[in-house]
1. Keeping to region B:34-51, report how many residues are among the β-branched types (Val, Ile, Thr) and either open to solvent by less than 20 Å² (accessible area, probe 1.4 Å) or touching a residue at least 40 places away in the same chain (Cβ under 8 Å) (or both).
2. Determine whether residue B:155 is over 24 Å from residue A:34 (Cα atoms), at pLDDT below 95 and of a type in the set (A, V, I, L, M).
3. Can you pull out the strands (runs of 3 or more DSSP E) entirely within region B:85-199 that have at least 1 residues that are more than 10 Å from chain A (Cβ to nearest Cβ), open to solvent by 10 Å² or more (accessible area, probe 1.4 Å) and touching a residue at least 40 places away in the same chain (Cβ under 8 Å)?
4. Output the residue which, of all residues in region A:200-222 that are open to solvent by 50 Å² or more (accessible area, probe 1.4 Å) and among the basic types (Lys, Arg), is modelled with the lowest pLDDT.
5. Provide a single number: the residues in region B:11-31 that are within 7 Å of chain A (Cβ to nearest Cβ) and among the charged types (D, E, K, R).
6. Which of the residues spanning region B:54-75 are under 19 Å from residue B:144 (Cα atoms), within 11 Å of another protein chain (Cβ to nearest Cβ) and not polar (S, T, N, Q)?
7. For region A:169-187, does any single residue satisfy the condition of being touching a Ser or Thr at 6+ places or on another chain (Cβ under 7 Å) and of a type in the set (D, E, K, R)?
8. Please go through region B:150-192 and give me each residue that is touching a Pro at 6+ places or on another chain (Cβ under 9 Å) and under 16 Å from residue B:73 (Cβ atoms), ordered by number.
2 protein chains.
Amino acid sequence: MMASDGVNGTQGCRFIKEETVYQGEWLSLGVTTYQDPHGQHRTWETVRRTTRCDGYKTDGAAVVAVLKRALHYDQLILVQQYRPAINGFTLEFPAGLCDAGETVEDCAIRELREETGYTGQVISVSPATCMDAGLSNCTTCLVTAQIDGDDIVNVRPKPHPEEGEFLKVLYFPMSELMTRINDYSKKEGVIVDSRVYMYAMALQQSKGKDPVQRSPGRIDKK
Amino acid sequence: MMASDGVNGTQGCRFIKEETVYQGEWLSLGVTTYQDPHGQHRTWETVRRTTRCDGYKTDGAAVVAVLKRALHYDQLILVQQYRPAINGFTLEFPAGLCDAGETVEDCAIRELREETGYTGQVISVSPATCMDAGLSNCTTCLVTAQIDGDDIVNVRPKPHPEEGEFLKVLYFPMSELMTRINDYSKKEGVIVDSRVYMYAMALQQSKGKDPVQRSPGRIDKK
């Protein structure tokens with residue numbers, strides 16, 4: 001099933017030590033020293049959140065929430081956010097950081113309610129998955145949830161965002177997710193989260209369609 | 001199609017200024033000041049890579065590469081890497097940063113060849129998508145590619161990793177991707193990249209199957 005390991009593989013790689021070089025309020029930046037498969041010591045710049053709860057493998061949860069209503073098409077619920085790091089707006093799954101003592105499921109359902117107003121039911125939960133492992137140790141659990149849109153609690157959903165959180169709730173029909181996300185992001189100039197895009201892309205691919213046709217050779221410049 | 005915007009939405013959010021508080025070799029940490037929809041000034045800690053090519057919207061590319069061979073099941077090619085930030089091993093798509101002047105497609109095909117030895121053909125390319133927008137401005141383009149495993153160039157693929165890059169190439173049958181990725185990551189203790197997991201999850205969901213059944217209430221602790 002797999003290629004041979006060894007010096008061209010990953011055996012022998014191990015953590016040696018880490019030195020914090022900058023301590024922020026929400027983030028810390030460290031220089032990690034590790035050993036490569038040749039026994040050589042190397043360093044890597046590493047970002048960590050200061051907010052991960054003690055003993056938790058995950059920083060937070062993201063919710064793939066599908067709104068189901070009688071006589072309506074199923075819709076995926078996404079949120080548009082202003083993201084200072086991007087200097088712009090993004091299209092993301094409802095998501096957030098786990099509070100201490102909170103289960104991943106509780107975190108997912110709480111974030112869904114806070115950000116969108118909807119009450120959902122958890123269908124599945126992934127293990128902690130990494131967000132950008134070349135850069136940080138940040139992880140998230142991917143939670144799928146269903147929203148019963150005919151339930152009285154979901155008829156006039158009212159978001160309760162946290163202090164400093166500003167969001168717009170968006171609905172995309174599951175049957176043409178890729179097309180609608182592409183159209184919306186192009187029209188509004190929002191950047192799509194890579195997990196959202198991958199989800200739409202895989203659903204598209206499962207129908208035997210190519211996700212995005214683009215002429216080869218084009219440079220993705222501004 | 002969408003909820004109303006305004007003070008509960010995102011209108012009025014805008015960038016004010018950014019101050020670099022730590023300059024590393026590969027990363028920089030800034031404090032971004034922005035205006036919220038109430039006109040209030042707020043700050044955010046923001047990570048950026050120092051390596052993004054001038055004028056590029058994306059830091060790099062990740063390749064969803066499917067190996068196709070006569071009389072074999074289609075297989076997804078993934079790489080296992082030691083990641084100092086994680087203090088452990090990850091399962092990721094072949095991926096890397098764009099070189100100056102390089103197209104996203106060229107970057108994807110080059111990284112695929114370097115990391116796995118395979119020569120692939122680009123099928124589709126996404127716009128720049130964000131990796132972890134609450135934390136960084138990092139983006140990637142998601143490239144789908146096919147590998148003709150019967151082509152002579154792909155018969156005995158030999159990876160050519162860059163200096164300091166140590167990888168193991170892994171093959172997962174597309175027909176049971178989710179199950180095999182779950183089994184492998186559990187057995188080997190590797191953390192799955194969130195985009196890889198989302199891809200497998202969506203393909204599973206498209207078959208009408210729940211991705212991971214788990215008893216609710218379980219806390220995802222170590």
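The values are calculated or read from the model by the stated rules, or taken from the named source; none is laboratory data. Here the structure is a predicted model, which is why all the values come from computation and not from measurement. With ideal geometry, Cβ positions are generated from the backbone for all residues, glycine too; neighbour counts draw on all protein chains shown. All accessible areas refer to the heavy atoms of the entire protein, side chains included, with ligands and DNA or RNA removed. Shrake-Rupley method; radii C 1.70, N 1.55, O 1.52, S 1.80 Å.
1. 3
2. Spelling it out, residue B:155 is indeed over 24 Å from residue A:34 (Cα atoms), at pLDDT below 95 and of a type in the set (A, V, I, L, M).
3. The strands (runs of 3 or more DSSP E) meeting that bar are B:139-148.
4. Here the residue is A:222.
5. 1
6. B:57, B:59, B:60, B:61, B:62, B:64, B:66
7. no
8. B:178, B:180
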